[in-house]
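Structure record follows, encoded as structure tokens.
The values are calculated or read from the model by the stated rules, or taken from the named source; none is laboratory data. Model, not experiment: these values are computed from the prediction. Ideal geometry is used to build each Cβ from the backbone, glycine not excepted, and the neighbour counts take in all protein chains shown.
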Amino acid sequence: MKSVSSKFANHARLRRENAQRVCAEPGEYKICVGCLSIFFRVASLCAFCKGYRWHYDPEVVKLIAGITEHSALPFTAGVAPRLVLKEKQSCPKERH
């Protein structure tokens, strides 16, 4: 059984890696205005708050990703699972 500290360390490492991935290509992502979760641009509905309003500015995406990299708070905890699903998503590309 893993200790709580090792689980937290793994979670923190994963958040750091994912935040760095988002910061490397911020134009590929967008931010849910309702809950600040990070999604690929092809998403049409926020999986957490069911919002549909998005912020596309790459600088804002980098800012939010930078916050999630150093934060233990789960307000954008959903960033990790969505990053590995990029090839599997079948949502139509959104116009903007």
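When the stretch 22-65 is filtered for residues that are loosely packed, with under 15 Cβ neighbours inside 10 Å, of a type in the set (S, T, Y) and in contact (Cβ under 8 Å) with a residue 24 or more places away in the chain, the ones remaining, listed by number, are S44, Y56. Taking only the stretch 1-55 into account, find how many residues are touching a His at 6+ places or on another chain (Cβ under 6 Å) and over 18 Å from S71 (Cβ atoms). Number of matching residues: 1. Of the numbered criteria (1) free of Cβ contacts under 8 Å to residues at least 60 places away in the same chain; (2) surrounded by 12 or more Cβ atoms within 10 Å (Cβ to Cβ), the one F8 fails is (1). Residue-level analysis places C91 among those that are out of contact with any Leu (no Cβ under 6 Å at 6 or more places or on another chain), part of a loop (DSSP other than H, G, I, E, B) and either modelled with pLDDT under 90 or not polar (S, T, N, Q) (or both). Scanning the stretch 49-61 for residues that are in contact with a helix residue (DSSP H, G or I) (Cβ under 9 Å, 6 or more places away or on another chain) and assigned to a loop (DSSP other than H, G, I, E, B) yields Y56, D57.
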